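Visitor: Can you keep this structure in mind? I'll have questions shortly.
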Amino acid sequence: MNSSNPNPLKQYECGEFQFPHDAKHEYYDRHVVFDHVVSMDAASQRERFEAVARSLRDLLTQRWLLTKETHDKENPKRVYYLSMEYLMGRTLVNNIINLGVDKFVRDDLRSDPRQDWTDVIETEPDAGLGNGGLGRLAACFVDSLATLQIPAIGYGLRYEYGIFKQTINYGFQIEQPDHWLARPDPWEVTRRSETVQVPVGCRFGMEKGVLVTIPGHESKLLGVPYDRPVVGYGGRTINTLRLWGAATPDFFDFGEFSSGDFVGAIVDRLLAETVTRVLYPSDTTLAGQVLRFVQEYFLVCCSLADIVARYEKSNKDWQHLPDKVAIQLNDTHPAMAVAEMMRILLDHANLSWDEAWDLSLRTLAYTNHTLLPEALEKWPVRFFELICPRLLEIIYEINRRFLDDVEKSHPSDENRATRMSIVEEGPARQIRMANLAIIGTHSTNGVAKIHSDLLRSRVVHDFAEMYPERFNNKTNGVTPRRWIKLANPDQSALISEAIGDKWVTDLTEFRRLLPLVNDSDFIARFRKTKQVSKERFASWLKSALGHEVDPKSIFDSQIKRIHEYKRQLLNAIHIVVLYNRLRSNPETKMPPRTFFFAGKAAPSYRLAKLTIKLINNIARKIDADPVCHGRIKVVFLPNYNVSLAERLIPASDLSEQISTAGYEASGTGNIKFMMNGALTIGTRDGATIEMAEEAGEENFFLFGLTAEQVVSTRGWYKPIWHYENEPETRAALDAIFNDHFSKDEPGIFEPIRESLLLKGDFFMHLADLSSYTQTQQQVGQLYADSDAWTRRALINVATSGKFSSDRTISEYAADIWDAKPCPISH
Ligand code: 26V
């Protein structure tokens, strides 16, 4: 293929028909005018956005095709990443950066005088196809895979509604639907010809808005692929993110399914299409729901059919499957892949059980992302019986053989067999998806050192004992393209001026900043970039949400899903401690601070939603109190998403990573703050431990109980002791529980009182409060010495190199996948 740009306009310069504008704007103008049948003057910003995006897609199309052709020709081992979530955010600016076409965009596209560039960027909705960390990690991983030129496909679902939009009404979270595909998405390419069929053992119906199964009839769903380009930095490899949309076959049998009822048949059809309508907005528990189960089955079936079809196109012999295919399961959500791969190898390839098992095992690998017991998935056996009975047969056989092995190694240890069985007995038998994933894959990894250790030593101890060689750690990382270069152009420019720009693809280069820690001129310039980011954020905040904040105050941010274990409450209680100090003595010395919170609570998570309400009530009260003016301020930013993180992280001075030790598997926000020159106040949890190791603990604000101490304290921990013996703790809690922040809503925070004081404070807020308060005091003192603060911030940036997702992906490629780059020629 010739990779030079063709001129798609030539065909229009025909007879008296001419393209309306000069050739300089050929792509862009053509898309504005012809895609929307609108004059250049009349086009809306949205139409201009679509035209810019389409022009970029034109520009990358040939590289995208060339990537595919090269992979087809060279037949390298490919990585297939299976994930129910991809939290992509916006694509336009990311693609401009990764393609390296700023200049093209500046000169050609932005010269449209009617185009407001900021507006055009902001018209693009965030692709919010994920809940939080796990989904954003998948997005960083596909970026790194493409940048490292590893042949890879990300498979996921094309939810029409992403994570809900959060608004705040009287301090309460309100959920609104996020119809991000309301308008045609310029990045996606529908590949109808590669549609796959998904057999389902039943029909579906709707009862009170819930998808239910109707046993008796087998049916079929169709999976239609929607492909999105994943541009590697430098634009050489362009991989594909393939999202499946559910559809019903055209050959849908109206008679059989709906007894001649034409309208009923159409309704049935629409029902099948609900399968990919909406993302589940929870990241912990889910009362067993058929729709979520079908979504997981649908992702697995479509993706494996696609993977196997690709394999069969270029390979004759099944024996080489693990040499050509590596499938990574992002948590247990796609763990049915273990059974589905076995089904394909047994029923389609006609292999023996032992051959099939060996190939399947060597092809699949699993990543665990949580230690919360309630987030470990279990599915009722009944769902399997109804929807995919063959997979259940296979799971039973896997379990039978597995339990035989357990019996051999630990004869008559029935408890062990009961603990390790894939099937959990009980009134409603359930399938333990984590057990299935560990037994059926050659690798199980955690996402930070401590997490992998706890996984081995506590959560799945029996399995780690049985298969020690399968367990490993891959500490998370994030992509420096989006999280530094795109989000923080000022800091990026300064760093590139100092050390060149190799860091964009080799973040260990950041270490070369270390000598500059003693360069007072550089330190001043580094501080200036932070100040500029803070001012930019403050002015955005004023215009977008009407809040006024002081860019000279400490910008202190806690932005993440709202969860008890993440302890937004600890932060809130500390704010009340400060507030009380100011009220009792307005002369109290304390550097001005703005506390930013952002995050969504699962719609059914009562306590998390009440925490949002509490933060908002505290914010309102503090705003109204003159003693707090210019001293402390609290802002809850609604609708936390990738785009908001890109704005706030570069503007933050302090990052709050204050989970109860042992509960945050890794965290990835913590990493983004470190790279952008914020200091961290945090517990020894997740990747924060390794970050402090890299930067040196003296450059971190660590506090609180360790994971071991949390466990050993639990037995005798009495939160009430802290209430009775720590005057500031007591005063802060009294203020909250005696309705100081809720005069018109008496008793509203009672469930928080119950949780903290009556039900044992499971996440140990009060145990860590005094240590947290003291450490916050040290934060304030250091901030007063702006040189010392900035030096530490620079040390943090300089030592953040380990946490590039390029490093993480290189480790997966070397240790788990045995995958190598496949360079695409120019
Ligand atoms: C679980 C469930 C279960 C119910 C149905 C919907 C649903 C959706 C997602 C999840 C998994 C949540 C696990 C998760 O997001 N873990 C986070 O993963 C990050 C990336 O590894 C890590 O940095 C965070 O510490 C960890 O909490």
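The values are calculated or read from the model by the stated rules, or taken from the named source; none is laboratory data. Keep in mind that this is a model prediction, so the values were computed, not measured. So basically every Cβ, Gly included, is an ideal-geometry build from the backbone, and we count neighbours across all protein chains shown. Remember, those area values only see protein heavy atoms, side chains included, never the ligands or the DNA or RNA. Shrake-Rupley method; radii C 1.70, N 1.55, O 1.52, S 1.80 Å.
Visitor: Tell me the carbon and sulfur percent of the accessible area for region 686-826, rounded to whole percent, probe radius 1.4 Å. Don't skip to the answer; put the middle values down first.
Guide: Numbers: 3160 of 6040 Å².
Ligands and nucleic acids excluded, carbon and sulfur give 52 percent.
Visitor: For Ser825 and Asp261, calculate 0.36 nm times their separation in residues minus their Cα-Cα distance, and state this gained length in nm to one decimal.
Guide: Values: separation 564, 0.36 × 564 = 203.04 nm, distance 5.66 nm.
In short, 197.4 nm is gained.
Visitor: Please give the peptides 579-585, 661-667, 334-340 ranked by average Cβ packing (other Cβ atoms within 10 Å per residue), highest first, as a rough proxy for protection. Kindly include the intermediate steps, with their values, before the conclusion.
Guide: On the way: 579-585: 16.1, 661-667: 25.9, 334-340: 27.7.
In descending order of packing, they fall as 334-340, 661-667, 579-585.
Visitor: Exactly which chymotrypsin sites (Phe, Trp or Tyr not before Pro) in region 710-802 are in a DSSP loop and have at most 16 other Cβ atoms within 10 Å?
Guide: Values: sites: Trp716, Tyr717, Trp721, Tyr723, Phe737, Phe741, Phe749, Phe762, Phe763, Tyr772, Tyr783, Trp789; in loops: Trp716, Tyr717, Phe741, Phe749, Phe762, Phe763.
Taking region 710-802 and a limit of 16 other Cβ atoms within 10 Å, the loop chymotrypsin sites (Phe, Trp or Tyr not before Pro) found are Trp716, Phe762.
Visitor: Still on this structure: Taking the simple approach of a point 7 Å from Cα along Cα-to-Cβ for both Leu545 and Ser520, what is their distance in nm?
Guide: 3.8
Visitor: Need the C-alpha centroid separation for region 589-639 versus region 778-802, integer Å.
Guide: Each part's Cα centre sits 25 Å from the other's.
Visitor: Net charge around Leu582, counting only other residues with Cβ within less than 13 Å of its Cβ (Lys, Arg = +1; Asp, Glu = -1)? Before the final figure, lay out each step's value.
Guide: Values: positive: Arg581, Arg583, Lys589, Arg593, Lys621, Arg631, Lys633; negative: Glu587, Asp625, Glu728.
Result for the neighbourhood of Leu582: +4.
Visitor: Between Arg511 and Val532, what is 0.36 nm times their sequence separation minus the Cα-Cα distance? Round to one decimal in nm.
Guide: Going from the current span to full extension adds 5.2 nm.
Visitor: Add +1 for every Lys or Arg and -1 for every Asp or Glu among the other residues with Cβ under 15 Å from the Cβ of Leu507, and state the total.
Guide: Details: positive: Arg481, Arg482, Lys485, Lys502, Arg511, Arg512, Lys672, Lys802, Arg807; negative: Asp143, Asp501, Asp506, Glu509, Glu690, Glu694, Asp806, Glu811.
Cβ neighbours under 15 Å give a net charge of +1.
Visitor: Separate question: Just to confirm a number: summing +1 for Lys and Arg and -1 for Asp and Glu over residues other than Ile168 whose beta-carbon lies under 12 angstrom from that of Ile168, what do you get?
Guide: Values: positive: Lys165, Lys600, Lys609, Lys613, Arg620; negative: Glu175.
Its environment carries a net charge of +4.
Visitor: Out of every Cα-Cα pair in the chain, what percent are more than 53 Å apart?
Guide: On the way: 46370 of 340725 pairs.
Result for the distance tail: 14 percent.
Visitor: While we're on this one: At 7 Å along the Cα-to-beta-carbon direction for both Glu374 and Ala428, put a label point, then send me their distance in nm to one decimal.
Guide: Those two pseudo-labels are separated by 1.7 nm.
Visitor: Please label the shape of region 666-745 as rounded, prolate or oblate, based on the square roots a ≥ b ≥ c of the eigenvalues of the alpha-carbon gyration tensor (a/c under 1.5 means rounded; beyond that, a/b larger than b/c means prolate, else oblate). Can you show the working numbers first?
Guide: Working: a/c = 2.80, a/b = 1.62, b/c = 1.73.
Oblate shape, in that a/c is at least 1.5 and b/c is the bigger or equal ratio.
Visitor: Could you give the length gained by full extension between Ser409 and Lys718, i.e. 0.36 nm per residue of separation minus their alpha carbon distance, to one decimal place?
Guide: On the way: separation 309, 0.36 × 309 = 111.24 nm, distance 4.22 nm.
Length difference between fully extended and current span is 107.0 nm.
Visitor: Which percent of the accessible heavy-atom area of region 567-622 goes to carbon and sulfur, probe 1.4 angstrom? Show your work: numbers first, answer last.
Guide: On the way: 920 of 1740 Å².
Carbon and sulfur together cover 53 percent of it.
Visitor: While we're here: Pairs Lys609/Lys672; Lys103/Lys560; Lys600/Lys820: which exceed 29 Å Cα-Cα?
Guide: Among Lys609/Lys672; Lys103/Lys560; Lys600/Lys820, the Cα-Cα distance tops 29 Å for Lys103/Lys560; Lys600/Lys820.
Visitor: Same structure, new question: Arrange the peptides 282-288, 390-396, 682-688 so that the one whose residues have, on average, the most other Cβ atoms within 10 Å appears first. Numbers along the way, then the final one.
Guide: Values: 282-288: 15.7, 390-396: 19.3, 682-688: 27.6.
Ranking, from highest mean packing down: 682-688, 390-396, 282-288.
Visitor: Let me ask something else. Quick one: which of 425-432, 223-230 comes out on top by average Cβ neighbours within 10 Å, and what's the full order, highest first?
Guide: Numbers: 425-432: 13.8, 223-230: 22.5.
Listed from highest to lowest mean packing, they are 223-230, 425-432.
Visitor: Report, to the nearest whole %, how much of the accessible area of region 159-305 belongs to carbon and sulfur atoms, 1.4 Å probe, protein only.
Guide: Heavy-atom surface of region 159-305 belonging to carbon and sulfur, 1.4 Å probe: 54 percent.
Visitor: Would you mind getting the accessible area per residue of the chain, heavy atoms of the protein chains only, 1.4 Å probe, in Å²?
Guide: Values: 32070 Å² over 826 residues.
About 39 Å² of surface per residue is accessible.
Visitor: Right, next: If I model a spin label as a point 7 Å beyond the Cα along the Cα-Cβ vector, how far apart are those points for His36 and Gln319 in nm?
Guide: In this crude spin-label approximation the distance works out to 5.9 nm.
Visitor: Quick one: if the Förster radius is 45 Å, what FRET efficiency do Asn725 and Arg390 give, using the C-beta to C-beta distance and rounding to 0.05? Walk me through the numbers before you get to the answer.
Guide: Numbers: r = 61 Å, r/R0 = 1.37.
Given R0 = 45 Å and the Cβ-Cβ separation, E is 0.15.
Visitor: A further question on this structure: Using a Förster distance of 35 Å, how high is the FRET efficiency between Asp785 and Gln709, based on the Cβ-Cβ distance and rounded to 0.05? Display every interim value, and only then the final one.
Guide: Working: r = 31 Å, r/R0 = 0.90.
E between Asp785 and Gln709, to the nearest 0.05, is 0.65.
Visitor: Could you work out the relative contact order of the chain? I mean the mean sequence separation of Cα pairs under 8 Å and 6+ apart, divided by the number of residues, in percent.
Guide: Working: 1464 pairs, mean separation 111.0, N = 826.
Relative CO of the chain lands at 13 percent.
Visitor: For region 423-546, compute Rh as the Kirkwood radius over C-alpha pairs and then the Stokes-Einstein diffusion coefficient at 37 °C and 0.692 mPa s; write the answer in µm²/s, rounded to an integer.
Guide: On the way: Rh = 19.0 Å.
Estimated via Stokes-Einstein, D reaches 173 µm²/s.
Visitor: What is the list of residues in region 739-764 whose amide nitrogen lies under 13 Å from a point 7 angstrom out from the Cα of Tyr170, following Cα to Cβ?
Guide: Counting backbone N atoms under 13 Å from the label point, the list is 743-746, 748.
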